[in-house]
Amino acid sequence: MSLLALQDAAASAPPFFTYTPNAPDVLGGWLICFFTLAVFSFLYKDNPFYKLAEHVFVGVGTAWFTMEYYNEGIRKPLVEYVDAAREQAVRIAALGPNASPEAVRELQTKLGGYPIDPSWAIGIRAGAIVLSIFLLVRLFKNDSWMPRWPLAIMVGVYAALKMTGEVQSKLVLQVAETMKSPFTSPVDGTPLAWDVQVGNVVFLVGLVCALTYFLFTFQRNKVVHGMARVGVITLMITFGSMFGFTVLGRIALLIERVSSLSDYSGPEYGLFGAGAALSPPYVAGAVIVATLVALSLAKPSRAD
Amino acid sequence: MSLQDFDRRWIFLAMGVIVVGLYAFGPAAEMKVNQYAQSYFDTIEALQPGDIVLLSADFDPASAAEIEPMYIATIHHLMSKDVRIINVATWPAAPPFTRTQFSVIPDVYGKVYGKDWVELGFKPGDDVAMGNIGQSLRSTYPADARGNPIDSLEIMNDVGDAMRGIKLLVTLSAGYPGILEWIAQVGGRYEVPIVTGTTAVQTPDLFAFYPNQVKGFLGAATGATQYLQLVDEKLATVVGGKSELTAPKQENQKRMLVQFWGHMLIIALILIGNLIYFFGTRQGARA
């Protein structure tokens, strides 16, 4: 690399460390490259670099999730909410017994979008805390009745929530969609394009045959058996398509990592101003490979 | 050594060589836009200046490779049309991505926080949180991600309970909770049109919902590239020449070629593996 190119790289060098989002820094570049290659090193075999990356990943992930869930699940809806409700309760009390209902309503706390008395709001939150503590009893006593109550409430609420929305979107509307004419437009009744018609017929045949495969209540004759066979083929094509999409996604992730390594291979990230040759991907890669080779030579394989 | 004892690390190496080699030296190629990506683009394109969109970031670092380009392009597209954005997240790891993008893109279009866009932040609770957002955005988020009371934000003057005032729900979804839960909890109940961008793993689930329950969708990195092409073309026409999305578009186009050959390698390996199994079984039967 020419001296001019090195000087240009030094002039546009990112800071060693910055809090600014979306702004690259040298430390971040080195960490990203090292941990990316450390994870990839598992493809060779399990090793200390991979173990380190795995533990750091789990640690950072746990810290982040704990912080987010504490902030959004405890601090805001409990600490801040109860604090605000307590302040509103004091204000309502200060209005005195002859306060107008409008003035009291103005100071009420909201729960699920509806205004209620602040003391009730605090009481309901306290009930939620008690139920949460009940859940933890399972840690000490497996067969206790206490965790069953909050679990029952959660299952009930969740079932009700799922029942309405899911049935509508994934059953009723899906069945309605299947009952349309495969040959004409549902909007104005005009004939559809030939390829759309063929596609609709294939879909219809596949759907009926796939459903036939799951008929186990009576003995199968030749027709039902044949339809079930077509149903199995339809299902296998579906699973193949899903597998293909999954592979597509995984390769996209690999490409993104390669792209990220490429981003940090510029001379501006190079050690001691030595240019791209000592940039994070090459140095981290060389360190990992050299260490793995050394470890491999130091520990003879079982076959030896 | 028989082929059945083949060391699988050679396969990893082959994939690595293809991906790194093509990424380093491969060209960027224009993609044909499919109807799903075109519908996503057209649905946003049909919005009017001043309309409000609920943008939900339902992804994390593991899916950012596929979803983040869609997210960036969608914000550019919406802001270039002067559509107002309410940004929420149902995944705890999404806020760093949303903060990063919203710290840069609104300045490009001169958008003001609280008036043109707002970030409400992460809300735990999965389906329940989504149901609550649909029922009442105000009671679900008493304050925005910066701690401002929700009613102090100008954009909220035009938003009511039961999704009133929201013209479109855009969800960039990487799994659970994501697009399927938004459809069940909000789309059907409040009749809000939905468009989505998803990871490849989730894409096959969406065909059944298109075009009635989902107006358009971007399937994986392929869909993201197609959408980047459409938005870049539109923005480049407005500003004349290159847009903010030209570089990300070219980067994604380059990745598509790599993805194609990576996929071809997998297909070839599946065929070879089946042939080895087939001939191995026949030899076993003869013996």
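The values are calculated or read from the model by the stated rules, or taken from the named source; none is laboratory data. What you see is a predicted model, and the numbers here were worked out from it, not measured in a lab. Cβ: placed from backbone, ideal geometry, glycine included. Neighbour counts: every protein chain shown.
Listing for the model above:
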{"item": "Residue B:49 being in the same structural domain as residue B:163 (by TED's automatic domain parsing) and surrounded by 16 or more Cβ atoms within 10 Å (Cβ to Cβ)", "result": "no"}
{"item": "Qualifying residue in region A:252-266 (condition: exposed (fewer than 13 other Cβ atoms within 10 Å of the Cβ) and within 30 Å of residue B:20 (Cβ to Cβ))", "result": "no"}
{"item": "Scan of region B:4-28 for residues that are surrounded by 12 or more Cβ atoms within 10 Å (Cβ to Cβ) and away from chain A (no Cβ under 14 Å), ordered by number", "result": "B:6"}
{"item": "Subset of region B:92-110 [more than 7 Å from every other protein chain (Cβ to nearest Cβ) and surrounded by fewer than 19 Cβ atoms within 10 Å (Cβ to Cβ)]", "result": "B:96, B:106, B:107, B:108, B:109, B:110"}
{"item": "Flag for residue B:286 being among the basic types (Lys, Arg), over 26 Å from residue B:105 (Cα atoms) and more than 10 Å from chain A (Cβ to nearest Cβ)", "result": "yes"}
{"item": "Search result, residues across region B:231-246 that are buried (at least 17 other Cβ atoms within 10 Å of the Cβ) and outside any helix (DSSP H, G or I)", "result": "B:243, B:244, B:245"}
{"item": "Every residue from region A:250-304 that is outside any helix (DSSP H, G or I), within 14 Å of chain B (Cβ to nearest Cβ) and out of contact with any helix residue (DSSP H, G or I) (no Cβ under 8 Å at 6 or more places or on another chain)", "result": "A:301, A:303"}
{"item": "Test result for residue A:232, more than 26 Å from the chain's Cα centre (by Cα), assigned to a helix (DSSP H, G or I) and more than 30 Å from residue B:14 (Cβ to Cβ)", "result": "yes"}
{"item": "Selection status of residue B:33, of a type outside the set (Asp, Glu), assigned to a strand (DSSP E or B) and farther than 20 Å from residue A:65 by Cα", "result": "no"}
{"item": "All positions within region B:46-73 that are in a helix (DSSP H, G or I) and of a type outside the set (Asp, Glu)", "result": "B:61, B:62, B:63, B:64, B:65, B:67, B:69, B:70, B:71, B:72, B:73"}
{"item": "Condition check for residue B:72: closer than 21 Å to residue B:218 by Cβ, buried (at least 18 other Cβ atoms within 10 Å of the Cβ) and either within 13 Å of chain A (Cβ to nearest Cβ) or at pLDDT below 95 (or both)", "result": "yes"}
{"item": "Residue match in region A:200-223 (condition: in contact with a Pro (Cβ under 8 Å, 6 or more places away or on another chain), over 30 Å from residue B:224 (Cα atoms), surrounded by 11 or more Cβ atoms within 10 Å (Cβ to Cβ) and without any contact (Cβ under 8 Å) to a residue 12 or more places away in the chain)", "result": "no"}
{"item": "Flag for residue B:15 being in contact (Cβ under 8 Å) with a residue 40 or more places away in the chain, part of a helix (DSSP H, G or I) and within 30 Å of residue B:283 (Cβ to Cβ)", "result": "yes"}
{"item": "Index of the failed condition, residue B:185 passing every other in (1) crowded, with 22+ Cβ neighbours inside 10 Å; (2) over 17 Å from the mean Cα position of the chain (by Cα); (3) under 20 Å from residue A:199 (Cα atoms)", "result": "(3)"}
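Residue-wise test of (1) assigned to a loop (DSSP other than H, G, I, E, B); (2) at pLDDT below 90.
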| site | (1), (2) |
| --- | --- |
| A:10 | no, yes |
| A:40 | no, no |
| A:45 | yes, no |
| A:55 | no, no |
| A:70 | no, no |
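Rundown of residues vs (1) among the acidic types (Asp, Glu); (2) within 14 Å of chain B (Cβ to nearest Cβ); (3) surrounded by fewer than 14 Cβ atoms within 10 Å (Cβ to Cβ), yes/no style:
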position	(1), (2), (3)
A:43	no, yes, no
A:47	no, yes, no
A:51	no, no, yes
A:55	no, no, yes
A:58	no, yes, yes
A:73	no, yes, no
A:80	yes, yes, no
A:84	no, yes, no
A:87	yes, yes, yes
